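A.B. asks: Structure incoming, see below.
No lab work stands behind these numbers, since they all come straight from the coordinates. Keep in mind it's a predicted model, so treat the numbers as computed, not measured. Using ideal geometry, Cβ is built from the backbone for each residue, glycine included, and neighbour counts are taken over all protein chains shown.
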Ligand code: ACO
């Protein structure tokens, strides 16, 4: 059983926040941010905007391109680390799309690697049998989890959603050639938004005497990051992972039409491309406009590249995600 990508879509919030806007709230400058990261603008969820709504909009666009009706969707995978419901948001998206057959929908949490893991999960479900059309959505709103007084992190992130439709096909048409996936829990100390000890619940007293034990209300810290360590990890692990995925597909970097990395930092993208010997004109980059949108960044950049005519039918793409966990992984695929 093969599987192939047949549609993509994306959606971003209306509110645009420029580097100059950030320079009004923290001690930074457009020059510092653009030279160190390549980022110029980002979009931020505000007011009544919801991430679930953004994800549903991206998914709708992908279904339209794929010419797949909501009722023909067999599975919705929502890759996010910032769900609006801790118990999972994929069923809400399934509902918003109008999938009346009640197909399975669940969340995958793997930060900036989430979308690649979603693709692998889609392929596994399809190859295992019983699933034909799978929606893979990458959506995150890290703006809700950054400390807006911390100039070293708040300049990096933006909010967005991207989606693809993966469809079952004959084995000889298979478009997802190979994967390479890893994680290393030791790296969590360099990048996390961990649970911290919360306040006692209201009405229980300081020792929780009412119920005889001290329950705590959950609270998470803001994103904490050692930028230099994350940078080193990405530049070391991502080229190795792509090379290993290419080898599994019996390809080399000279066979790929596009290198599509998680959009975290232009310097990481450039360093990985140089190590793999991929020239700049074959590298997809849109982080200047959106910043690091976590699980959304790969499908968002793919969607823009497809709709602008850069990525065309039959092109081979090496995609790689990397981020908190730490987790990293690559996929070699045909558009
Ligand atoms: N504006 C101005 N100065 C700043 C800013 C800012 N926004 N942020 C930090 N600085 C200062 C620091 O305080 C420091 O000053 P000091 O020398 O007086 O102490 C100086 O700039 C250098 O700081 P560094 O942190 O050493 O800067 P670095 O060159 O490492 O760049 C950066 C920081 C851009 C964050 C870089 O390390 C990076 O991009 N790392 C990768 C991060 C990343 O991609 N994270 C996302 C991972 S994906 C995920 O899963 C969320």
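A.B. asks: Among the residues in region 324-333, are any more than 15 Å from the chain's Cα centre (by Cα) and surrounded by 24 or more Cβ atoms within 10 Å (Cβ to Cβ)?
C.D. replies: Yes - at least one qualifying residue is present in region 324-333.
A.B. asks: Hey, can you tell me all the residues within region 260-290 that are outside any loop (DSSP other than H, G, I, E, B), under 19 Å from the mean Cα position of the chain (by Cα) and over 19 Å from residue 10 (Cα atoms)?
C.D. replies: Residues satisfying the conditions are 266, 267, 268, 269, 272, 283.
A.B. asks: Further question on the same structure: Scan region 169-198 residue by residue and report those that are buried (at least 20 other Cβ atoms within 10 Å of the Cβ), part of a strand (DSSP E or B) and more than 19 Å from the chain's Cα centre (by Cα).
C.D. replies: Selection gives nothing.
A.B. asks: Mind telling me which of the residues 254, 241 ends up being more than 16 Å from the ligand (Cβ to nearest atom) and in a helix (DSSP H, G or I)?
C.D. replies: From the options 254, 241, the qualifying one is 254.
A.B. asks: Could you tell me which numbered condition residue 287 fails, if it satisfies all but one of (1) at positive phi; (2) within 16 Å of the ligand (Cβ to nearest atom)?
C.D. replies: (1)
A.B. asks: Can you tell me which residues in region 130-144 are within 14 Å of the ligand (Cβ to nearest atom) and more than 21 Å from residue 116 (Cβ to Cβ)?
C.D. replies: Within region 130-144, 143, 144 meet the criteria.
A.B. asks: Considering (1) within 11 Å of the ligand (Cβ to nearest atom); (2) crowded, with 23+ Cβ neighbours inside 10 Å, say which one residue 267 fails and leave the rest.
C.D. replies: (2)
A.B. asks: Looking at region 6-31 only, could you name the residues that are farther than 15 Å from residue 290 by Cβ, in contact (Cβ under 8 Å) with a residue 12 or more places away in the chain and within 9 Å of the ligand (Cβ to nearest atom)?
C.D. replies: Residues satisfying the conditions are 26, 27, 28.
A.B. asks: I need the full set of residues from region 120-144 which are out of contact with any helix residue (DSSP H, G or I) (no Cβ under 9 Å at 6 or more places or on another chain) and either within 19 Å of residue 158 (Cβ to Cβ) or outside any loop (DSSP other than H, G, I, E, B) (or both), in order please.
C.D. replies: The answer is 120, 121, 122, 123, 124, 125, 126, 127, 128.
A.B. asks: If I go through region 291-335 residue by residue, how many of them are within 16 Å of the ligand (Cβ to nearest atom), over 13 Å from residue 164 (Cβ atoms) and either assigned to a strand (DSSP E or B) or touching a strand residue (DSSP E or B) at 6+ places or on another chain (Cβ under 6 Å) (or both)?
C.D. replies: Number satisfying all stated conditions: 14.
A.B. asks: Here is a further query. Could you tell me whether any residue of region 87-107 is in contact (Cβ under 8 Å) with a residue 24 or more places away in the chain, within 12 Å of the chain's Cα centre (by Cα) and surrounded by 22 or more Cβ atoms within 10 Å (Cβ to Cβ)?
C.D. replies: No, because not a single residue in region 87-107 is in contact (Cβ under 8 Å) with a residue 24 or more places away in the chain, within 12 Å of the chain's Cα centre (by Cα) and surrounded by 22 or more Cβ atoms within 10 Å (Cβ to Cβ).
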